[in-house]
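The values are calculated or read from the model by the stated rules, or taken from the named source; none is laboratory data. It should be emphasised that the depicted structure is a prediction, and the values quoted were computed from it without experimental measurement. Glycine also receives a Cβ, built like all others from the backbone with ideal geometry; neighbour counts cover every protein chain displayed. For the accessible areas, the whole protein counts, side chains as well, though only heavy atoms, and no ligand, DNA or RNA atoms are used. Shrake-Rupley method; radii C 1.70, N 1.55, O 1.52, S 1.80 Å.
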Amino acid sequence: MSPLRWTCKSTRTLAEELSRQGFSVSANTVGRLLRECGYSLQANRKTIEGKQHPDRDAQFRHISQRVKAFQRAGHPAISVDTKKKEPLGKMKNPGRTYRRKGDPQKVKTHDFPDETLGKAVPYGVYDITHNEAGVSVGVSHDTAEFAVAAIRRWWKRLGHKRYPRATRLLITADSGGSNSPRTRLWRWALQRLANETGMTIELCHYPPGTSKWNKIEHRLFCHITRNWQGVPLETMEIVVSLIGSTQTKEGLEVHAWLDEAHYQKAKTITDAQLSEVRIRRDTFHGEWNYQILPNTK
C-alpha cells in the first residue's frame, strides 16, 4: 500500500486493512513506520482563498500607504468590523477555566438560542496607532447605522481625546456586511457623522474574500475570544465586562459599551437622501477607496 493513502486514516484502521491483505502488524508499528516516513497527524489548514482579484495586492499596498500617511499627519486611522453574534444564555462556550476538581460549570445540553435573551452583537473599532479599541455591544440588528453609531461612540469617548486637532479620519473595513461600500445606508450614515464632526472621512475597503487581513481580526477579536473562553455568556453585562477586560502583553486596551438602541433592518435610503452624500472617489478603485466630505451648509 502506498504511504500516500495513509494520511486520511487512523493507525488502527490501517493495521486492520493491512491484516486483511495478509500482513500481521499492530497499530503502534504502523504509527512508528509513518513517523519514520515523515508523516504526522495534521488538521486541515485554510489557505485556498479561491479566485483572487488581480489588484488585491495593490489594494493592500494602498491601504498600508494611507494608514502610514494618516499616522505621519497625526490623524486617526481605525480598523472596523462586526464580531460574530453571540447567543446569550447558559450555553457551552469553547475553552476551559480553572475550577475545583470535579466541579465543571454546568450548561445546557443543547445550544438552542433563547429568543427572550437574544444575541449580543459586538462591533469593534480598533485604533491602529495606539493599540486601543472600543467595542459597542448591540442588542438589535447588525446594520450600517449600528456600525456608524459604534464609530461615533468611539470618536466621542476615545478618539476625540486622542486626536483633538484631527480634521480627517481613515476607516479600513471589509467589503461586505454592515460596512459594505455598496450599501446606501452606510454612506448616508457616514455623511451624518462627517457633518457632526466636521472631519473628512476616508474609506479604504479590503477586496472581497480578504477579511482575515483586516487588522481588527488578529489584533482585537482573537484576544476577546480567548479572554472569554470557557465562560457561558449568560447576560449582556457579562459580555460587556469580558470584552472590556481584554488585555495583551503588547498593551492592548479595550473599552466596551452596551448599545441598547433598536436599528431597523433593510432601512430604505431614498435617492434624495443619497444625493446629500458628498462622496469623492479615488482614481484607483473608487468602489473601494473614497472620501465622505462634510456638508458646510
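Phi angles across the stretch 67-74 convert, under the Karplus curve 6.51 cos²θ - 1.76 cosθ + 1.60 with θ = phi - 60°, into 3J(HN,Hα) values of 4, 5, 5, 5, 5, 5, 7, x Hz, Gly and Pro given as x. Spacing of the modelled spin labels on N295 and L258, each 7 Å from Cα toward Cβ, amounts to 3.5 nm.
Within straight-line reach of K119, meaning a Cα separation under 19 Å, sit the following aspartates and glutamates at least 8 residues removed in sequence or on another chain: D81, E86, D111, D142, E145, E234, E237, D259, E260.
In this label model, H130 and T167 are separated by 2.1 nm, measuring between points 7 Å along each Cα→Cβ vector.
As an exercise, find the ratio Rg/Rh for the stretch 230-297 from alpha-carbon atoms, using the Kirkwood inverse-distance average for Rh. The partial results should precede the final answer.
On the way: Rg = 19.7 Å, Rh = 16.8 Å.
Result: Rg/Rh = 1.17.
Per residue, the accessible area of the stretch 60-126 comes to 67 Å², computed with a 1.4 Å probe over protein heavy atoms only. Normalised per residue, the accessible area of the stretch 166-297 is 49 Å², obtained with a 1.4 Å probe and no contribution from ligands, DNA or RNA.
Tell me the carbon and sulfur percent of the accessible area for the chain, rounded to whole percent, probe radius 1.4 Å. Mind dumping the intermediate values first?
Numbers: 8620 of 17450 Å².
On the chain, the fraction of accessible area on carbon and sulfur atoms equals 49 percent.
Working from the Cα coordinates of the stretch 26-157, the gyration tensor eigenvalues give, after taking √(5λ), semi-axes of 38, 30, 16 Å in decreasing order.
Could you let me know the centre-to-centre spacing of the stretch 222-265 and the stretch 131-198, using Cα atoms, in angstrom? Taking the Cα centre of the stretch 131-198 as reference, the centre of the stretch 222-265 is 18 Å away. Computed from backbone phi with θ = phi - 60° and the Karplus coefficients 6.51, -1.76 and 1.60, the 3J(HN,Hα) list for the stretch 108-113 is 5, 6, 10, 8, 7, x Hz; x is used for glycine and proline.
In terms of its Cα atoms, the chain spans 88, 49, 39 Å along the principal axes, sorted from long to short. At full extension, R99 and E17 could sit 25.2 nm farther apart than now, given 0.36 nm per residue minus the alpha carbon distance. Quick check on my link table: of K92/K267; K90/K249; K85/K267; K215/K267, which ones sit more than 23 Å apart, alpha carbon to alpha carbon? Check vs 23 Å cut-off fails for K92/K267; K90/K249; K215/K267.
What's the longest piece of the chain with no exposed chymotrypsin sites (Phe, Trp or Tyr not before Pro), counting a site as exposed if DSSP puts it in a loop and it has at most 14 other beta carbons within 10 Å? Walk me through the intermediate numbers first.
Working: sites that count: F23, Y39, Y98, F284.
Between exposed loop sites, the widest span is 99-283.
Database remark: amide H of G138 closer than 5 angstrom to the amide H of V121, Y123, D259 (H placed geometrically; neighbours at sequence offset of 5 or more, or on other chains; Pro and chain starts carry no H).
Working note: Karplus 6.51/-1.76/1.60 with θ = phi - 60° gives the stretch 77-84 the couplings 10, 10, 10, 10, 4, 9, 7, 3 Hz, where Gly and Pro are set to x. Given H placed on each backbone N at 1.01 Å, which residues far from E234 in sequence or on other chains put an amide H within less than 5 Å of it? It is G89, by chain and number. Extending 7 Å from Cα along the Cβ direction at T270 and again at C37 yields two label points whose distance is 7.2 nm.
Counting other C-beta atoms within 10 Å, and keeping those with at most 16, which DSSP coil trypsin sites (Lys or Arg not before Pro) do you find in the stretch 127-189? Answer by residue number: R165, R182.
For the stretch 87-183, what percent of Cα pairs sit more than 15 Å apart?
Numbers: 3344 of 4656 pairs.
The answer is 72 percent, as a whole percent.
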